[in-house]
Amino acid sequence: MDWEYAPAPESADIAAVKDRYLPYIDGAFVEGGGDDVKTINPAEGEPLASYSTVTTEDVDRAVAAARRAHDRVWSRMSGAERGKYLFRIARGIAERSRELAVLESLDNGKPIKESRDFDVPTAAQHFFYHAGWADKLQHLGLGPAPRALGVAGQVIPWNFPLLMAAWKIAPALAAGNTVVIKPAETTPLSILVLAEILADAELPPGVVNIVTGAGDIGSALVNHPGIDKVAFTGSTAVGRRIAAELAGTGRKLTLELGGKGANIVLEDAAQDQAVEGIVNGIFFNQGQVCCAGSRLLVQESIAEEFLDRLKARVETLRVGHPLDKNTDVGAINSVTQLNKITELTEAGEAEGAEIWRSPCPLPDRGYYVAPTIFTEATQSMRITREEIFGPVLTTVTFRTPDEAIAKANNTPYGLSAGIWTEKGSRAMGMAAALRAGVIWDNTFNRFDPAAAFGGYKESGFGREGGLAGMAAYLSSDDEPTTEAK
Amino acid sequence: MAHLAIPKTYKLFIGGKFPRSESGRTYTATDREGKFMANAALASRKDARDAVVAARKGLAAWAGATPYNRGQVIYRAAEMLQGRAREFTDLISTGRGVTARVAAAEVETAIDRLVHYAGWTDKLAAAFGSSNPVSGPYFSYSAPEPTGVVTVFAPTGSALLGLVSVVAPVLAGGNTAVLVASEADPCVAITFAEVLATSDLPGGAVNVLTGRAAELGPHLAAHADVDALDLTGVVDHPGDHELRVELERAAAQTLKRVYVPGSVPDFAEPPGTGRLRAFLELKTVWHPTGAVSLAGGSAY
């Protein structure tokens, strides 16, 4: 069936994109000492805006500002007052949600329906949720008086720019820390609008500092002797490097890294529901999700029928301009990422996996990838082992639930997994046997600030969200602090 | 005629058995005055690897045991330790040159420490897990699970109490351990292994290597089948900072969880929960709550 849709574009004007953006240090938008960099709109491959980047001296200033704000203001303020600032920020995000959604889609390339219905509202919810913890730290199960760690250095990725900022900043502030945070090089805009919201909320200067730049600035930040806590979300390779660099410093570290999530479909699954879950698992945000369900494990007895249904559904996905409200799959964030996806996809073909691509039309400019399914792959292929971080699904079959578990766990990663079965006891049994931090049973890609999120094994350590997410920014009596070292 | 005593041969403890080091090496354990106490096995890299294999094997049985059962086994270890309190008191007072009364107090505290952790096993999920009030039709919960195989460097200053204080939380969480004993106190460590061996602990749940942390550590820290490190025994003298950095760097390559206490712990103090939490993973599960017609809405 051919579904014709008229274009339904959201207006780019709503984002009120400025020509140039500045880093935010000690409560002011300041000129960074580094070169200006252009951020690209991946939907068209054209420059969107430029922004000033910082130098290591600027990082020093930001860390010093955060330390001052911690010692003189933030650590002396009551939890209830801290919480009220966070509530204000949550409200501020909600009030400017339409602008933020359009800006996020322009800078990142994600469909407006996702930035509008997921990224921005969930970012606001994260501030609202954590605001409530600020005066209740004694109820976290960390003893009667858990202490803030001090200054947190945070580095976030480009796949959910505003949401990751909220995930990092909200618990840090609620726990009583101050923050120096670096957004990704390709997506700095939404967090710099968030800085305006922080300023409008009259958050004291230095409590949150936003430094812009590339990996060298991130490295300078996490290695800065003036910080007490490092939180990083990004690739496993960089996470490994950070962990090695911090050896012997006693600095508290949480890492949220890559994944190769297994999405397991058993023969008794409700297949139409499972198809929707597989689609959501790998094509949400163009598959640029650390917990993406990038490995489909389907039981051999239904594999052929299931893959036919899946392909029929994927063919209906509309790949198009991120600002079109009908778009299901938007643009890949950058040329670099596009090339990585292409390279790994070619490796899959070269290794002999059978490839299927949706015949959907692609926009004639910008960075797009048609939804891709490797319909038959083996455990040893790179496309089964390595994180592709794109709209590319790898299929492996299995015969028994035990085999499914063995294959699902056969990876150094351990971030997410999905199970599709109508048998509740089997779902729960498999959930227990899967070595991953988040298990979605008959659903996928659900997130909530009240539910802890984070990895097993080489997907990192530490949690974000829930009580455990707060614990990542606090020290209890029997836990090390930097000062004690 | 006086009875000629039968001195004990101190060997390693791997997979529930007491093998000699495959290397055939030994070293001399001495008492406070430097006099000969015993020959201890000087564990090699191969012994360390064997211990990791045994710990991985033991994980299924130990992590898979019910929390109640794990608690009973750890309590049983306390019973066994109580029964051999005299022997440990003698070993400690000889090895460290302290009075029998001081040594006996350490043994009593060690027994109590085991009892403390025996009571933790079936409360971890209640204390560190949660039911998550998510905004959607899902039942979401987060529950702790064991991290896996933990390499523990036992502290040097506290031969029995320190050892028990670092091993028990690892076990209580359902993990298995490769324990690198304090080089100075192999006799206490191996005698404690005999306690564990008679406590219904599954083979491989705890493995004890005697020898040199600086020799064994780098191999264990780099071993891909080790999931976590407890560096308590590496930070309790300042000269070890370089070793600590080396081990942390090696651990980073496979993103092991690393626990480093902020300072040398006073093991006589009641333990907090930091050690327990260091070797637990939190798993969040989302389960749909079903059709709206079943979930209702009129109940309120």
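The values are calculated or read from the model by the stated rules, or taken from the named source; none is laboratory data. The structure presented is a predicted model; accordingly, all values stated were derived computationally and were not measured. All Cβ positions, even for glycine, are placed from backbone atoms using ideal geometry, and neighbour counts span all protein chains on display.
General remarks:
- Of all residues in segment A:428-448 being at the interface with chain B (Cβ under 7 Å from one of its Cβ atoms) and outside any loop (DSSP other than H, G, I, E, B), the one that is nearest to A:D402 (Cα to Cα): A:A431
- Check on A:H126, at pLDDT 95 or above, part of a helix (DSSP H, G or I), more than 25 Å from A:N280 (Cα to Cα) and not aromatic (F, W, Y): no
- Look at segment A:340-353: where a residue is under 14 Å from A:S380 (Cα atoms) and a partner is of a type in the set (S, T, Y) and surrounded by fewer than 17 Cβ atoms within 10 Å (Cβ to Cβ), sitting 6+ places away or on another chain with Cβ atoms under 8 Å, you get A:A353/A:T378.
- Just one of the numbered conditions (1) in contact with a Ser or Thr (Cβ under 7 Å, 6 or more places away or on another chain); (2) at pLDDT below 95 is not true of A:P144: (1).
- Members of segment B:214-231 found to be hydrophobic (A, V, I, L, M, F, W, C) and either part of a loop (DSSP other than H, G, I, E, B) or within 11 Å of chain A (Cβ to nearest Cβ) (or both), listed by number: B:A221, B:A224, B:V226, B:A228, B:L231
- Residues that are farther than 26 Å from B:A65 by Cα and within 7 Å of chain A (Cβ to nearest Cβ) within segment B:133-147 comprise B:P133, B:V134, B:S135, B:G136, B:Y138, listed in sequence order.
- Among the residues of segment B:39-81, just one is polar (S, T, N, Q), part of a helix (DSSP H, G or I) and closer than 21 Å to B:E194 by Cβ, namely B:Q72.
- Take the conditions (1) assigned to a helix (DSSP H, G or I); (2) within 17 Å of the chain's Cα centre (by Cα); B:T121 misses just one of them, which is (1).
- The set of residues from segment B:232-287 being at the interface with chain A (Cβ under 7 Å from one of its Cβ atoms) and among the basic types (K, R) comprises B:R244, B:R249, B:R257, B:K283.
- Any hit, segment A:468-481, residues being at the interface with another protein chain (Cβ under 7 Å from one of its Cβ atoms) and at pLDDT 95 or above: yes
- Selection status of A:A292, in a helix (DSSP H, G or I), of a type in the set (A, V, I, L, M) and not assigned by TED's automatic domain parsing to the domain that holds A:D117: no
- Flag if A:Y368 is aromatic (F, W, Y), in a loop (DSSP other than H, G, I, E, B) and within 14 Å of another protein chain (Cβ to nearest Cβ): no
- Taken residue by residue, segment B:129-146 has at least one member that is within 27 Å of B:E79 (Cβ to Cβ) and not in a helix (DSSP H, G or I).
- Hey, B:P133 within 30 Å of A:P449 (Cβ to Cβ), touching a helix residue (DSSP H, G or I) at 6+ places or on another chain (Cβ under 7 Å) and either touching a residue at least 12 places away in the same chain (Cβ under 8 Å) or surrounded by fewer than 21 Cβ atoms within 10 Å (Cβ to Cβ) (or both) or not: no
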